[in-house]
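Peer 1: Below is the structure I would like to discuss, written out as structure tokens.
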Amino acid sequence: RDSKLVVGPEFIDRYDHVNYKRVPDFLEAAQDGLLKQAGTSFAIIERDHGLRSFVKRLSVVYNGQLKRGDLCDVSTDVTLGRTSLTFRQEVYKEGSLIAEIEMLVVLVNAKDIPTIMPERVRAHLGG
């Protein structure tokens, strides 16, 4: 899924750019958009199936910086595992690759045990 995001002031640090810790926050809207387009969300998965989403791994590669008001093209894809979703995102500004993210999200039950993704969730996400 491709989307456009504008860098808001809430992501800007004292060096007048997006702080490295805030890039994943900035991209969460695109992840949520992908899930919404598929007819689901992490809140729905928790409500309907009792499964919470825990980030197990997050990898970010920075190739440049983002500043307030930058218009970014963001590509977001998701790959399904047995108990997990892996989001892969690329952020482009003016055609240049600025950042790449890979985030592994594991679905866990109330005892924090990784749990097989329900078929209905898998169907929503195209798996």
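Peer 1: Note down the Stokes-Einstein diffusion coefficient of the range 23-69 in µm²/s, whole number, using a Kirkwood radius over alpha carbon pairs, 25 °C, and 0.890 mPa s.
Peer 2: For these conditions, the coefficient is 191 µm²/s.
Peer 1: Please report the relative contact order for the range 48-127, taking Cα pairs under 8 Å with a sequence separation of at least 6, and give it as a percent rounded to a whole number.
Peer 2: 36 percent
Peer 1: If you stretched the chain out fully between Val60 and Asp48, how much longer would it get, using 0.36 nm times the residue separation minus the C-alpha to C-alpha distance?
Peer 2: 1.2 nm
Peer 1: Report D for the range 72-127 in µm² per second (integer): Stokes-Einstein, Kirkwood Rh on Cα pairs, 10 °C, 1.306 mPa s.
Peer 2: Calculated translational D: 125 µm²/s.
Peer 1: What residues of the range 50-78 lie in the reach of a label at Asp16, counting those whose backbone N is under 15 Å from a point 7 Å from the Cα along Cα→Cβ?
Peer 2: 65-70, by backbone N distance to the label point.
Peer 1: Then there's this: In 5 Å bins starting at zero, report the fraction of Cα pairs in the range 1-42 per bin as a rounded %.
Peer 2: 5, 22, 26, 18, 15, 9, 4, 1
Peer 1: When averaged across all projection directions, what area in nm² does the alpha-carbon convex hull of the chain cover?
Peer 2: So the Cα hull casts an average projection of 7.9 nm².
Peer 1: Using only alpha carbon pairs under 8 Å that are at least six residues apart, calculate the relative contact order of the range 1-72 and give it in whole percent.
Peer 2: Relative contact order of the range 1-72: 56 percent.
Peer 1: Rounded to a whole number of µm²/s, how large is the Stokes-Einstein D of the range 32-102 at 4 °C and 1.567 mPa s, given Rh as the Kirkwood radius over C-alpha pairs?
Peer 2: 93 µm²/s
Peer 1: I would also like to ask the following. Could you list, in their original order, any pairs among Lys36/Lys111; Lys56/Lys111; Lys21/Lys56; Lys36/Lys67; Lys21/Lys111 whose Cα atoms are separated by more than 23 Å?
Peer 2: Pairs exceeding the cut-off: Lys36/Lys111; Lys36/Lys67; Lys21/Lys111.
The numbers here are math on the coordinates, done by the rules we state, and not lab data. Remember, predicted model here, so these are calculated numbers, not experimental data. Neighbour counts are summed over all protein chains in view; Cβ atoms, including those assigned to glycine, are modelled from backbone coordinates with ideal geometry.
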